[in-house]
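Rule-based calculations on the coordinates, nothing more; no lab input. Because the structure is a prediction, the values reported are computed rather than measured. Because the Cβ atoms are built from the backbone with ideal geometry, glycine has one as well, and the counts that use them run over all protein chains shown.
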Amino acid sequence: MIPFSILDLAPVTEGSDAAQAFRNTLDLAQLAERLGYHRYWLAEHHNMPGIASAATAVLIGHVAGGTSTIRVGAGGIMLPNHAPLQVAEQFGTLASLYPGRIDLGLGRAPGTDQPTAKALRRYFDSADAFPQDVMELLGYFEPATPGQPVRAVPGAGIDVPVWLLGSSLFSAKLSAALGLPFAFASHFAPDAMDEALALYRRDFRPSARLQQPYAMLGLNVVAADSDAEARRLFTTQQQSFINLRRGRPGLIPAPIDDIETYWSPVEKIGVERALACAVVGDEATVRQGIDAFVERHRPDEVLITANVFDHAARRRSFEIAAAGAANN
């Protein structure tokens, strides 16, 4: 049975606010722990009204403090936005507070639009320095040596699993070269998934951190008591993608009865391609869809996400997904 985990964006829905989103996130994490999910990850995004997880390390601390066994981490921290030392200190602190439960996933995208990226980044070409920043960050988690001029306090000598995240071949190559676990963003950018996964496994070099390749794949799973209701719930995510591509990101919208009235034919093609890795339906449909996804791609772990408007329906979706995942 492979592990199944959850990716949460702390969604802020229409008619709600960030405070309610954080309450919902903790409630969902506590449910995930009871249901047997392995990890609960939060993602860094900025200047997006519908996503409240910008201060990712802070929210990870909130979730870890309200749970007791589930691993909690970043999926991910967008490293170009941060000094590696600061990230090491933040996650060294989290790992000191919650030993054996904290993960650090790293991405090289800004997690936002270009004007906000300029406001966030330490220097304009920081994404190009991603490999060097990763190496610097890994170094801060090594035991400190006598005379070391800069050390992470806390952080040095603390075991914080570091993952690389990606939606292209770049991070697949880098995580293979560095011997790190790899998570592919197939839940919103699946085009290069098969090639990236094959490259990562073929070129993986064992390291002190990881002896064998370990790959996690993202999967949208929206489940309900009927296929029709699940498809309706999924229109929330479809609308959000369209709104983002129209340059109008906003709060997470309520589902609608007919998505065909909302998108143009061109938008439909783009959204369906981006969300191709999606399983939407009742418990039987979800079980079959998860089985087929795992059988085809053979991930070591699956990271499930669901952008569902109503919190009770979102909880129910993850309950059904957990039942469907139990066969794997």
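Below, the figures for the structure above:
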read-out	value
Kirkwood Rh, Cα atoms: Rg over Rh of the stretch 1-57	1.01
Selection of trypsin sites (Lys or Arg not before Pro), the stretch 1-64, meeting DSSP coil and at most 10 other Cβ within 10 Å	none
Beta bridge orientation in the chain: antiparallel %, DSSP, nearest 5	5 percent
Rounded if a/c under 1.5, otherwise prolate or oblate - the chain, Cα gyration tensor axes	prolate
Sites matching GluC sites (Glu not before Pro) across the stretch 1-50 that sit in DSSP coil, with at most 15 neighbouring C-beta atoms within 10 Å	Glu14
In Å, descending, principal axis extents of the Cα set of the stretch 1-160	50, 38, 30
Exposed-site-free run, longest, the chain (rule: chymotrypsin sites (Phe, Trp or Tyr not before Pro); DSSP loop; at most 12 other C-beta within 10 Å)	125-328
Between helix 283-297 and the chain: long-axis angle, C-alpha atoms, 0 to 90°, nearest 10	40 degrees
C-alpha long axis of helix 18-35 to longest principal axis of the chain, angle in °	90 degrees
